[in-house]
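The values are calculated or read from the model by the stated rules, or taken from the named source; none is laboratory data. Keep in mind it's a predicted model, so treat the numbers as computed, not measured. Cβ sites come from the backbone with ideal geometry, for glycine too, and all protein chains shown count toward neighbours. Accessible surface is based on the protein model in full, side chains and every heavy atom, while ligands, DNA and RNA are left aside. Shrake-Rupley method; radii C 1.70, N 1.55, O 1.52, S 1.80 Å.
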Amino acid sequence: MAKRRPSATRIAYLALIEQVEPIIEAYKTSPAAAQVQVYLISPEPVRKAIAEIHRYHFPQGAEQTYRETMAKAGLKAGFGVFSADWLKFIKDFLGDNLLDTIANQITTTTRNWVAEQIFQVTERGDSLDDLARILRGRFPRMRSIRIARTETIRARNAGHLKGYDELVFEATKVWNSAQQPRTRGSEKSDKSDHLHMNQQEKEVHEPFLDSRSGATLDAPGNLSEGSSGGDADVVSCRCRVTFDPERGPDGRLIMKPKTPQ
């Protein structure tokens, strides 16, 4: 039986645990040694976890868009349409989206939280087991869900954009908001408004606009270059991008210009 692939949440959780295990080990020596170890936490486990999530979900998003849009056009999708340079594209995409910056931001939050837990455990006179239970417990589990959801959406929507590249005809891109009570914009206090971006239509290379935050996004989860948006526009987003084939006055598909050989 094939080994079951761990979920994105599990991948993120294991990365966070890998970061805190040296802290638990150092605490056996002293709280001071643990605090020193806090500043040595490496972002590499998180970096690898994000890359793994993207390697799995990016191709799924690309294939989904390709097949969906081909079906809308009344064409058969066929097989083997994707090029062999996908892994390079994913690597380049992650580079463009500052994989190191994302991993460092997550790690900074971990450092701050762990340092506070060490201080509190020491002040209370709690045991090593108490510290270990906290560092492996609810907070990292909840964070792993948030990280997994954010990076899965980012990867899938990047894949959706790549799926468009594989089409031979032109299409417009459409923002599809998750119609849920927790979708950004459901509350007046929300900093962003994705709910009312639903069905916003743009040319493929034109960014979507969140009129409330002013952020521009190439796709849900993916801020466009130079956008003024931040975490409030992408973290835990549940929206996705789809594509509608473009047709001329005669009803025929508008084909993309052929690339010179």
- prompt: Considering SER144, SER186, which residue is open to solvent by less than 50 Å² (accessible area, probe 1.4 Å) and assigned to a helix (DSSP H, G or I)?
  reply: SER144
- line: When (1) within 24 Å of ILE145 (Cβ to Cβ); (2) of a type outside the set (Lys, Arg); (3) open to solvent by 40 Å² or more (accessible area, probe 1.4 Å); (4) in contact with a strand residue (DSSP E or B) (Cβ under 7 Å, 6 or more places away or on another chain) are applied to ASN198, the one that fails is (1)
field: Matching residues, the stretch 161-173, being in a strand (DSSP E or B) and either within 18 Å of GLY74 (Cβ to Cβ) or open to solvent by 40 Å² or more (accessible area, probe 1.4 Å) (or both)
entry: PHE169, ALA171, THR172
statement: When the stretch 107-121 is checked residue by residue, the ones that are more than 13 Å from SER42 (Cα to Cα) and open to solvent by less than 30 Å² (accessible area, probe 1.4 Å) are VAL114, ALA115, GLN117, ILE118, VAL121
task: Could you check, for the stretch 130-138, whether at least one of its residues is surrounded by fewer than 21 Cβ atoms within 10 Å (Cβ to Cβ), in contact with a Lys or Arg (Cβ under 6 Å, 6 or more places away or on another chain) and small (Gly, Ala, Ser)?
output: no
- request: Say whether the condition of being among the polar types (S, T, N, Q), farther than 30 Å from ASP244 by Cβ, open to solvent by 10 Å² or more (accessible area, probe 1.4 Å) and without any contact (Cβ under 8 Å) to a residue 60 or more places away in the chain is met by at least one residue in the stretch 38-59.
  value: no
- request: Would you point out which residue out of PHE243, PHE208 is under 19 Å from the mean Cα position of the chain (by Cα) and either among the aromatic types (Phe, Trp, Tyr) or over 29 Å from ARG149 (Cα atoms) (or both)?
  value: PHE208
- request: Kindly indicate whether any position in the stretch 170-178 is within 23 Å of the chain's Cα centre (by Cα), closer than 19 Å to GLU151 by Cβ and modelled with pLDDT under 90.
  value: yes
- request: Select from the stretch 83-100 the residues that are open to solvent by less than 60 Å² (accessible area, probe 1.4 Å) and either out of contact with any strand residue (DSSP E or B) (no Cβ under 8 Å at 6 or more places or on another chain) or at pLDDT 75 or above (or both) and list them in ascending order.
  value: SER83, TRP86, ILE90, PHE93, LEU94, GLY95, LEU99
query: Can you tell me which residues in the stretch 229-241 are outside any loop (DSSP other than H, G, I, E, B) and either of a type in the set (A, V, I, L, M) or open to solvent by less than 20 Å² (accessible area, probe 1.4 Å) (or both)?
result: ALA232, ASP233, VAL234, VAL241
- request: Those residues that are modelled with pLDDT of 90 or more, in contact with a Phe, Trp or Tyr (Cβ under 7 Å, 6 or more places away or on another chain) and part of a helix (DSSP H, G or I), I need them from the stretch 36-77; list them, please.
  value: THR65, THR69
message: I'd like to verify a number: residues in the stretch 201-228 that are buried (at least 20 other Cβ atoms within 10 Å of the Cβ), assigned to a loop (DSSP other than H, G, I, E, B) and among the polar types (S, T, N, Q), how many?
response: 1
